[in-house]
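First comes the structure, then the notes that go with it.
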Amino acid sequence: MPSTEINREGLDAVVAAIPPGSPVFMVNLLRFRDQADYGGRTDLAPCTGREAYFTRYLPAFNETAGPYGSTELVFGGNVAGNVVGPLDEAWDGIGLVRYPSVEVFQKLIADSAYLEKAEPHRVAALADWRLYATTSLF
């Protein structure tokens with residue numbers, strides 16, 4: 001089932017599982033809409049979901065993440081194909097973002113600047129999304 005919203009129960013479980021102050025790496029699996037869906041807004045030029053994500057969401061994310069320290073996009077890429085898993089489960093892109101801690105991630109996604117400037121572009125851009133919180137083994 002497609003999903004584009006953060007699951008609060010999942011987030012609470014992640015916060016409980018990761019030691020406070022530990023870095024967290026968020027793995028994003030991205031499926032873009034053919035056309036970004038801004039719900040009838042007319043103040044933005046039409047564009048693809050991919051364009052909305054890369055030219056609108058990411059710059060707004062970077063701007064709103066700035067006050068939260070060393071948050072960084074570690075890797076971003078296009079998915080070339082599916083080698084393991086259901087063949088009908090196709091993703092367009094992947095992103096790996098490092099946050100100083102899960103608490104920083106939690107504060108960022110609740111920040112009014114993020115909610116106003118970045119989130120609308122993410123929602124408009126994505127047809128489906130998975131977000132996995134991971135910690136380093138080393």
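The values are calculated or read from the model by the stated rules, or taken from the named source; none is laboratory data. Worth saying up front: this structure is predicted, and the values here are computed from it rather than measured. Virtual Cβ from ideal backbone geometry, glycine too; neighbours counted across all protein chains shown. To get the accessible areas, we keep the full protein, side chains included, count just its heavy atoms, and leave off ligands, DNA and RNA. Shrake-Rupley method; radii C 1.70, N 1.55, O 1.52, S 1.80 Å.
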Going by the alpha-carbon gyration tensor, a ≥ b ≥ c the square roots of its eigenvalues, is segment 84-138 rounded (a/c under 1.5) or, if a/c is not under 1.5, prolate (a/b greater than b/c) versus oblate?
oblate
Per residue convex hull volume, Cα only, segment 1-88, in Å³ is 172 Å³
Which of rounded, prolate, oblate describes segment 39-138, given a ≥ b ≥ c as roots of the alpha-carbon gyration tensor eigenvalues and a/c under 1.5 marking rounded, otherwise prolate only if a/b is larger than b/c?
oblate
Which length gain, in nm to one decimal place, applies between Ala127 and Asn82 when the Cα-Cα distance is subtracted from 0.36 nm times their residue separation?
14.4 nm
For segment 43-122, which whole-number percentage of the solvent-accessible area (1.4 Å probe, protein heavy atoms only) is attributable to carbon and sulfur atoms?
58 percent
Toy charge model, Lys and Arg Cβ at +1, Asp and Glu Cβ at -1: the chain dipole around Cα centroid in debye, rounded to 20, equals 180 debye
What whole-number value in Å² describes the accessible area per residue of the chain for a 1.4 Å probe?
59 Å²
Between Ala90, Ala113, Ala36, find the one with the highest GNM mean-square fluctuation for the chain; connect C-alpha pairs within less than 10 Å.
Ala90
Here, Ala13 and Leu137, labelled 7 Å along Cα→Cβ, have an inter-label distance in nm of 2.1 nm
